[in-house]
Amino acid sequence: MRILLIRPPYTRLKGVGQSPYFPLGLGYIAAVLRENGYEAVIYHAENPKSKAECVFPDADMTFNFRSKSYHRYMEILKDDTHFVWTEVRQTLKDYRPDMVGISILSVEVGSALKISQLVKEYNPSCYVLWGGLHPSFLTDESLMLPEVDFVIRGEGEYPTLELCRALEGRMPLNSVESLSFKENGNIIHNPVRMAVENVDDIPFPARDSVLYPETFDFKSLGSMIVSRGCPFRCTFCSSRNFWDKKVRMRSPGNVIKEIQLLKETYGTNFIMFWDDSFTINRTVIEKYCKSLIESKVNVSWKTATRADLIDEPLLELMTKSGCVKLEIGVESGSDRIKKIISKDVSNEQIKKAFSLISKKGIGVGGFFMAGFPDETLEDLAETFKLMQELKAGELAFNIFDPMPGSNEYEKCIAEGLVPKNPDWTNFPFWPDAYYVKNIKREDFDNYVNMIARWLYDYNNKFTTKLKRSKHLIRYLLKNDPVFLIKKVFKYLTRRKKVHSASVTGN
């Protein structure tokens, strides 16, 4: 069998986006399939294939610009002649898959469905498999779509392998664990497979399986994870439920081996650890850091964690091992809201953490959210106040979306803020999202737009930009000074263009 694994386009269609990144989840699935004799490649449709595409980093956008971008995405879903859909058709024609597997977040349902339709147009006999967060929690709704043949719920590597074997007649479909499928007009849910206990047993992601490798930049292939799962109870997040409330850590030797492979194969000197909370197990993290130092792999790295999971001795060790940036999930400056969303970290803990991180010379960023159902203008004011007090190298500000699999999603349905069966291809995601009970829509929009304008100016001050880019500047000065000059010029040009667009409303 030939399997094409796809990350559907979203920010690319909006005209905003992030740096091209390697899709780790699909990389792991491709590795397991290839290890067992199957042909599997990854098509990351988020990555622009041409430098002519105008894609701005999402962090630089004001909410007005983002809103227009989301409506652009909705229009492109209806445009069969758009060049991205032409690209999808050509990829299907060139690779000739027997099955297409699509990894999906809720915001990507529209483009995932569009790709599924194009697959069936290409070959009605080609199987379409959905996986990832959205179909894992809304399985029946996903399978009601005529273009979707199968859904794998939860961890996907070995269920996908078993599905391929079943489609070849080597085992019955009803024995494929974690699989849901349609049979005689009914939806069948097989029992969920036990999570892989020893994650060292899973082969490293198949980074060499990507189609169009030229669409990835020099940082992309340095994406890694050292753990699976999160034990915390944040009500807006579905990660805890997706991973069945377990946390499984890789061994230090296994992590170092992958980093060495990245350096030797791709020349990677910068690692991005995409774990939910990197420092969740202090003992293991200390071993990682000591192994990094002792192995002399000499890489810089960044990651994300919680403010209550770091202290000065740990930060010192992380710095010595190459940590150059930490991103902290703050969410809200209101203790009342933090209690409601089970974010059990006080403002004092957050301020102390930011101060300690900066003291150790590590870049620090903060993630904030607004628009929780129980929020008031007073809560928003407290969030804005904390944002201003932290003096972080970078701040991100998002509007709450009710995500399937989270407690807040169920709460929004129970309180009538979200219909029981919403149309996910036409769902008001941020920045157009509005699920607040205690603030009028106009007042809410005015306040978050005020924060967004302040944030744009703050994040794009030259001093702030320089502060958070020190590690990248050092890397480029040493390895590619010409590229650094190009990035500086691009930044100046983009800032002028985006600022003009946000002011004029274009």
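The values are calculated or read from the model by the stated rules, or taken from the named source; none is laboratory data. Quick caveat, the model's predicted, so the values are computed rather than measured. Because the Cβ atoms are built from the backbone with ideal geometry, glycine has one as well, and the counts that use them run over all protein chains shown.
Identify the residue in the range 431-446 that is charged (D, E, K, R) and in a loop (DSSP other than H, G, I, E, B) and, among all such residues, is farthest from LYS68 (Cα to Cα).
Looking at residues that are charged (D, E, K, R) and in a loop (DSSP other than H, G, I, E, B), I get LYS437.
Which residues, taken from the range 384-433, are out of contact with any strand residue (DSSP E or B) (no Cβ under 6 Å at 6 or more places or on another chain) and among the charged types (D, E, K, R)?
Result: LYS385, GLU389, LYS391, ASP401, GLU408, GLU410, LYS411, GLU415, LYS420, ASP423, ASP432.
When the residues of the range 233-277 are narrowed to those that are in a loop (DSSP other than H, G, I, E, B) and of a type in the set (Ser, Thr, Tyr), which ends up farthest from ALA206 (Cα to Cα)? Give the derivation first.
Narrowing the range 233-277 to residues in a loop (DSSP other than H, G, I, E, B): 233-238, 243-247, 250-251, 267-269, 274-277.
Now narrow it down to the ones that are of a type in the set (Ser, Thr, Tyr): 235, 238, 251, 268, 277.
On the way: THR235: 33, SER238: 26, SER251: 19, THR268: 15, SER277: 24 Å.
Taking the candidates together, the pick is THR235.
If we keep just the residues of the range 134-162 that are charged (D, E, K, R) and either touching a helix residue (DSSP H, G or I) at 6+ places or on another chain (Cβ under 6 Å) or surrounded by 17 or more Cβ atoms within 10 Å (Cβ to Cβ) (or both), which is farthest from LYS246 (Cα to Cα)?
Ranking the qualifying residues of the range 134-162, first place goes to GLU147.
Do you know which of the residues in the range 433-477 that are within 25 Å of PHE270 (Cα to Cα) and of a type in the set (Phe, Trp, Tyr) is modelled with the highest pLDDT?
PHE462
Going by the structure shown, is THR376 surrounded by fewer than 20 Cβ atoms within 10 Å (Cβ to Cβ), at pLDDT below 95 and among the β-branched types (Val, Ile, Thr)? If you could, list the steps in order and put the result at the bottom.
Values: surrounded by fewer than 20 Cβ atoms within 10 Å (Cβ to Cβ): yes; at pLDDT below 95: no; among the β-branched types (Val, Ile, Thr): yes.
No: the conditions fail for THR376.
For CYS230, state whether it is out of contact with any Pro (no Cβ under 9 Å at 6 or more places or on another chain), touching a residue at least 60 places away in the same chain (Cβ under 8 Å) and part of a loop (DSSP other than H, G, I, E, B).
Against the criterion (out of contact with any Pro (no Cβ under 9 Å at 6 or more places or on another chain), touching a residue at least 60 places away in the same chain (Cβ under 8 Å) and part of a loop (DSSP other than H, G, I, E, B)), CYS230 does not qualify.
In the list ASN407, ASN449, ASN398, which residue meets the criterion of being polar (S, T, N, Q), touching a helix residue (DSSP H, G or I) at 6+ places or on another chain (Cβ under 7 Å) and not assigned by TED's automatic domain parsing to the domain that holds GLY132?
The unique qualifying residue is ASN449.
Considering only the range 97-114, I want to know if a residue exists there that is more than 19 Å from TRP424 (Cβ to Cβ), touching a Pro at 6+ places or on another chain (Cβ under 7 Å) and surrounded by fewer than 22 Cβ atoms within 10 Å (Cβ to Cβ).
The answer is no, given that none of the residues of the range 97-114 is more than 19 Å from TRP424 (Cβ to Cβ), touching a Pro at 6+ places or on another chain (Cβ under 7 Å) and surrounded by fewer than 22 Cβ atoms within 10 Å (Cβ to Cβ).
Matching residues to (1) over 30 Å from ASP379 (Cβ atoms); (2) in contact with a Phe, Trp or Tyr (Cβ under 6 Å, 6 or more places away or on another chain):
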position: THR279; (1), (2): no, no
position: TYR288; (1), (2): yes, no
position: ARG306; (1), (2): no, no
position: LEU314; (1), (2): yes, no
position: LYS320; (1), (2): yes, no
position: LEU326; (1), (2): no, no
position: GLY329; (1), (2): no, yes
position: SER342; (1), (2): no, no
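Could you list, in sequence order, the residues of the range 163-175 that are surrounded by fewer than 21 Cβ atoms within 10 Å (Cβ to Cβ) and touching a strand residue (DSSP E or B) at 6+ places or on another chain (Cβ under 9 Å)?
ALA166, LEU167, LEU173, ASN174
Can you find a residue in the range 147-168 that is of a type outside the set (A, V, I, L, M), part of a helix (DSSP H, G or I) and over 21 Å from ILE3 (Cα atoms)?
no
I'm told ILE350 meets every condition in (1) free of Cβ contacts under 8 Å to residues at least 60 places away in the same chain; (2) buried (at least 20 other Cβ atoms within 10 Å of the Cβ); (3) part of a loop (DSSP other than H, G, I, E, B) except one. Can you identify the failing condition by its number?
Only one criterion in (1) free of Cβ contacts under 8 Å to residues at least 60 places away in the same chain; (2) buried (at least 20 other Cβ atoms within 10 Å of the Cβ); (3) part of a loop (DSSP other than H, G, I, E, B) is unmet by ILE350, namely (3).
Can you list the helices (runs of 4 or more DSSP H) found entirely within the range 1-109 that contain at least 1 residues being within 17 Å of the chain's Cα centre (by Cα), assigned by TED's automatic domain parsing to the domain that holds MET224 and under 30 Å from MET450 (Cβ atoms)?
Numbers: elements: 11-14, 24-35, 63-77, 83-95.
The helices (runs of 4 or more DSSP H) meeting that bar number zero.
Pick from GLY393, GLY365: which is at pLDDT below 95 and under 19 Å from SER277 (Cα atoms)?
Every option except GLY365 fails the conditions.
Does any residue of the range 182-204 turn out to be farther than 23 Å from ASN421 by Cβ, surrounded by 21 or more Cβ atoms within 10 Å (Cβ to Cβ) and either modelled with pLDDT of 95 or more or not assigned by TED's automatic domain parsing to the domain that holds ASP244 (or both)?
No, that holds for no residue.
In the range 289-330, which residue that is in contact (Cβ under 8 Å) with a residue 24 or more places away in the chain and in a loop (DSSP other than H, G, I, E, B) is surrounded by the fewest Cβ atoms within 10 Å (Cβ to Cβ)?
Start the filter on the range 289-330 by keeping residues that are in contact (Cβ under 8 Å) with a residue 24 or more places away in the chain, which leaves 289-293, 295, 297-312, 314-330.
Subsequent filtering for residues that are in a loop (DSSP other than H, G, I, E, B) retains 297-299, 306, 310-311, 321-322.
Working: VAL297: 17, ASN298: 11, VAL299: 18, ARG306: 23, ILE310: 24, ASP311: 13, SER321: 21, GLY322: 20.
Among those residues, the one meeting the criterion is ASN298.
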